[in-house]
Amino acid sequence: MNVDDQLAESIKTGRTERLDWLVEGAAVETIAASLAAMANTFGGMLLLGVSLNNAVLGVRDPAAVIDRVLQAALAIEPALIIPLPVTAQVAGKTVIVARIPPGMPHVYSFDGRFLVRQGVDNKPLKPRDLRRLLIQRGEVSFETEVVYGASLDDIDWNRAKAYAANLPGETSPETALLRRACIVRHEGRLRPTNAGILLFGKEPQRFLRGAAITAVRFAGETMSDSFNREDITGTLPDQIRRAETFLHDHLRKGVSIGKTMARAESYEYPMEAARELVVNAVAHRDYSISGDEIRLFLFRDRLEVTSPGGLPGPVTIDNIKDERFSRNPVIVQVLSDMGFIERLGYGVDRVIALMREVRLRDPEFAETAGGFRVMLFNQTIEPPPPPESPHDTQPRFDGTYQGLAINPRQEAALIYLHAPGTTRITNSDLQGLCPDVHPETIRRDLADLVTKDILRKMGEKRGSYYILKSDIVT
């Protein structure tokens with residue numbers, strides 16, 4: 001179906017949020033209102049030469065209509081820069097097509113009104129929604145606003161001192177935070193900004209509710225009552241570190257144990273790809289939204305990172321790999337100074353490359369009702385070759401055992417116990433399988449398997465060991 005036929009079908013379907021039309025003689029003011037509303041929402045297409053009852057009337061003077069559309073675009077504040085309108089043939093008649101790209105860089109007003117599309121109508125923005133759109137488009141910076149009720153006493157100056165010490169040259173903590181707009185002079189005294197509290201505050205969530213990460217490992221492919229959850233708060237650098245620890249603890253590993261007890265493992269997703277998504281979410285989310293946190297959800301088949309707020313500025317799903325725009329340039333700069341983030345990009349290309357290196361599907365991106373979501377899937381692009389013999393594989397439990405959620409270390413213990421000729425496991429055995437894990441964590445993991453009625457503890461103190469309860473002969 002060619003473009004003209006597609007337009008004809010769209011007109012038959014009717015007007016939508018992203019498609020509208022006017023008759024040839026529509027006033028410049030009417031055209032400008034529709035253009036501004038689409039630019040402030042998701043973009044779209046405005047046709048000239050179609051009546052409101054879907055009848056294609058056409059235009060008699062295409063050049064004059066195109067000129068009137070351009071006049072309307074220039075009458076908007078700031079001037080709306082769009083592709084030159086073009087002609088199209090629909091039902092044998094000429095119509096004018098004006099396209100408004102998604103992700104426009106400004107917030108546009110006409111005749112003092114800020115309009116958006118709601119269904120097929122152009123509606124004025126409410127003050128709260130206008131402020132949010134201004135923040136999303138970078139016209140107003142939430143991160144550099146002064147925090148109501150906060151003072152310099154709410155800054156952790158030990159953190160600020162450590163940060164300043166790593167900057168080039170000799171810089172005092174106060175000067176470093178002033179230069180980065182983490183504190184500003186307000187009404188004659190220095191006050192913390194939202195960025196300052198998020199990055200260096202003693203209790204960030206006291207002032208910015210929702211500035212946190214909810215991390216959950218679910219047992220299956222959907223949300224259920226079987227899960228492990230951690231609510232991650234604190235400063236943004238601390239949140240990134242704790243989220244990375246959560247990933248290390250809860251991403252499944254492919255564990256192979258040979259006759260010599262040699263251990264080889266790999267995470268179900270490239271750790272750098274998962275970490276990149278968390279860092280990006282922390283750096284680029286909309287912190288003006290106080291009723292929602294970043295959500296890091298691990299399912300049996302996928303990893304999801306959902307950020308409050310839509311994509312910033314001109315960034316869209318279609319151009320996310322190429323477009324560069326930061327909602328929070330101060331936060332991005334400081335996290336870059338600390339070595340957490342590459343300042344010039346979102347890391348999307350890097351995530352895609354890392355997934356492809358291990359033959360996993362490309363990430364999927366989706367805009368939700370209140371935010372933006374990235375999904376990684378642990379299915380390979382092509383099925384791996386079959387093993388040469390049944391003895392070349394180890395069992396996998398995919399995060400569950402007998403319907404109960406287990407973490408990757410517990411899975412390693414159960415794989416070990418299911419190996420031919422193995423009937424018991426000790427704390428030392430599991431420590432050998434997971435050498436980077438603290439012994440107390442190992443002890444708790446085995447005790448949890450006993451609590452879940454999967455293992456039975458035998459013996460006492462140094463002589464204790466664990467066996468599968470199913471192996472007990474009654």
Could you state, as a whole-number percent, how many of the C-alpha pairs of the range 142-246 are farther apart than 16 Å? 61
List residues of the range 1-45, by number, whose backbone nitrogen lies under 18 Å from a label position 7 Å along Cα→C-beta of residue 123. 15-20, 33-43
What accessible area per residue, rounded to a whole number of Å², is obtained for the range 145-248 using a probe radius of 1.4 Å? 51
Going from most exposed to least, what order do 411, 145 have by accessible area with a 1.4 Å probe? 145, 411
Using Cα pairs closer than 8 Å and at least 6 residues apart in sequence, work out the relative contact order for the chain, in percent. 10
Förster radius 51 Å - calculated FRET efficiency between residue 221 and residue 12 (Cβ-Cβ, nearest 0.05): 0.85
What's the ranking of 134-142, 271-279, 36-44, 438-446 by average number of surrounding C-beta atoms within 10 Å, highest first? 36-44, 271-279, 134-142, 438-446
Modelling each spin label as a point 7 Å along the Cα-to-Cβ direction, I'd like the residue 290/residue 71 distance in nm, to one decimal. 4.7
Taking all protein chains in place and a 1.4 Å probe, what share, in percent, of the accessible surface of the chain do carbon and sulfur account for? 50
Taking a straight Cα-to-Cα line shorter than 28 Å from residue 93, and setting aside same-chain lysines fewer than 8 residues away, one finds 12
In nm, give the distance between the simple-model label positions of residue 57 and residue 462, each being 7 Å from the Cα along the Cα-to-Cβ direction. 9.6
For 87-97, 179-189, ranked highest to lowest by mean beta-carbon neighbours within 10 Å, the order is 87-97, 179-189
Can you spot the lysines whose alpha carbon is less than 24 Å from residue 202's alpha carbon? Ignore those fewer than 8 places along the same chain. 161
Using 0.36 nm per residue, how much length does the chain from residue 426 to residue 27 gain when fully extended, once their Cα-Cα distance is taken away? 135.5 nm
Per residue, what accessible area does the range 1-130 have, given a 1.4 Å probe and all protein chains present, in Å²? 49
For the range 290-306, list residues with backbone N below 18 Å from a point placed 7 Å from the Cα of residue 367 toward its Cβ? 306
In the list [x] 1.25; [y] 0.90; [z] 1.05, the entry giving Cα Rg over 2.2 N^0.38 Å computed from the coordinates is [x]
Cα centroid distance between the range 141-178 and the range 407-440, in Å? 45
Per-residue counts of other Cβ atoms within 10 Å, averaged by peptide: what ranking do you get for 24-31, 62-69, 208-215, highest first? 208-215, 62-69, 24-31
Helix-derived mean residue ellipticity, 222 nm - over the chain, DSSP H n ≥ 4, -39500 (n - 2.57), to 500: -9500 deg cm²/dmol
Dipole of the chain, positive end: most advanced residue of 325, 66, 415 [Cβ charges, Cα centre]: 415
Label point distance in nm, residue 89-residue 447, each placed 7 Å from Cα along Cα→Cβ: 8.0
Hits among lysines - C-alpha to C-alpha of residue 469 under 29 Å, sequence gap 8 or more where chains match: 253, 259, 452, 457, 461
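The values are calculated or read from the model by the stated rules, or taken from the named source; none is laboratory data. It should be emphasised that the depicted structure is a prediction, and the values quoted were computed from it without experimental measurement. Positions of Cβ are generated from backbone atoms using ideal geometry, with glycine treated the same way; all protein chains shown enter the neighbour counts. The protein model used for the area step is the full one, side chains on, heavy atoms only, and it has no ligands, DNA or RNA in it. Shrake-Rupley method; radii C 1.70, N 1.55, O 1.52, S 1.80 Å.
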